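A.B. asks: Here it is, the structure, as structure tokens.
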Amino acid sequence: IFSQEIRFKDDNGNDFPVWNKSMIGEIGEIVAGKTPSTKNKDLWGGDIQFITPSDIKEQNKYQDTVNRYVVKTKRIRVLPKNTIVYTCVASIGKMCLSVKPCTTNQQINALIPNSDYSNEFIYYSLYYLTPKIKSTVSTTTLPIITKTDFSKFKINVPSSFKEQIKIANFLSSLDKKIELVNSQIDKTKEFKKGLLQQMFV
């Protein structure tokens, strides 16, 4: 799909316009995270999600739960829901879409796409680009992709918003099937475990 070997048609069966190559920094606003002072208890325990890399589970596309919450203040940049959250320090490439207003720590660069772009499509584009991003990181003790470097990576994006939506919906449907199969596998494992316990008691 992202090499455009597979293309979608519009509702009339016609070809969509050509794709454009854009830098991530041109697609939307990149916001570097920051951790509020842990010494100031008044900043913690609010209703704004505080996302860290440890909160992001690779099998989960949407980030609906976190370990900690912060209080909304003028010094804290609150990100809107559907923000793309991407880890750029240490465990590079873990990512998710926020489902609630949130903020992040300094190990994360958040991307808020402009209105011309589908957040879901850009999420999948970054997912596809992640191996390339990882390959550029030097093998240091603490791998890092700076905000500036992150903004310069390029991705191919359909110029038609409708094609972006079609692709995102298609990939989302595959994710739902994967989630269903994984759930069935987990249930089957539990069933097997129960049988084994009954057989060997």
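A.B. asks: For the structure I just gave you, tell me whether Asp175 is in contact (Cβ under 8 Å) with a residue 40 or more places away in the chain, open to solvent by 90 Å² or more (accessible area, probe 1.4 Å) and farther than 19 Å from Pro53 by Cα.
C.D. replies: Answer is no for this residue.
A.B. asks: Now a separate question. Just the residues that are polar (S, T, N, Q) and either on the phi > 0 side of the Ramachandran plot or surrounded by fewer than 16 Cβ atoms within 10 Å (Cβ to Cβ) (or both), please, taken from segment 23-67.
C.D. replies: Thr35, Ser37, Thr38, Asn40, Ser54, Gln59, Asn60, Thr65, Asn67
A.B. asks: Just to be sure before I move on: is Lys72 surrounded by fewer than 17 Cβ atoms within 10 Å (Cβ to Cβ) and out of contact with any strand residue (DSSP E or B) (no Cβ under 6 Å at 6 or more places or on another chain) in the structure I sent? I'd like the intermediate steps shown before the answer.
C.D. replies: Numbers: surrounded by fewer than 17 Cβ atoms within 10 Å (Cβ to Cβ): yes; out of contact with any strand residue (DSSP E or B) (no Cβ under 6 Å at 6 or more places or on another chain): no.
Here the answer is no, as Lys72 does not meet what is asked.
A.B. asks: While we're on this one: Go through segment 31-123 and tell me which strands (runs of 3 or more DSSP E), entirely inside it, have 3 or more residues that are touching a Lys or Arg at 6+ places or on another chain (Cβ under 6 Å).
C.D. replies: 44-51
A.B. asks: Any residue at all in segment 128-136 that is buried (at least 20 other Cβ atoms within 10 Å of the Cβ) and aromatic (Phe, Trp, Tyr)?
C.D. replies: Looking through segment 128-136, none of the residues is buried (at least 20 other Cβ atoms within 10 Å of the Cβ) and aromatic (Phe, Trp, Tyr).
A.B. asks: If you don't mind, another one. Would you check if Ile145 is of a type outside the set (Lys, Arg), touching a strand residue (DSSP E or B) at 6+ places or on another chain (Cβ under 9 Å) and at pLDDT 85 or above?
C.D. replies: Spelling it out, Ile145 is indeed of a type outside the set (Lys, Arg), touching a strand residue (DSSP E or B) at 6+ places or on another chain (Cβ under 9 Å) and at pLDDT 85 or above.
The values are calculated or read from the model by the stated rules, or taken from the named source; none is laboratory data. Since the model is a prediction, treat every value here as computed from it, not as a measurement. Cβ coordinates were reconstructed from backbone atoms using ideal geometry, including for glycine residues, and neighbour counts include every protein chain displayed. With ligands, DNA and RNA removed, areas are computed over all heavy atoms of the protein, side chains included. Shrake-Rupley method; radii C 1.70, N 1.55, O 1.52, S 1.80 Å.
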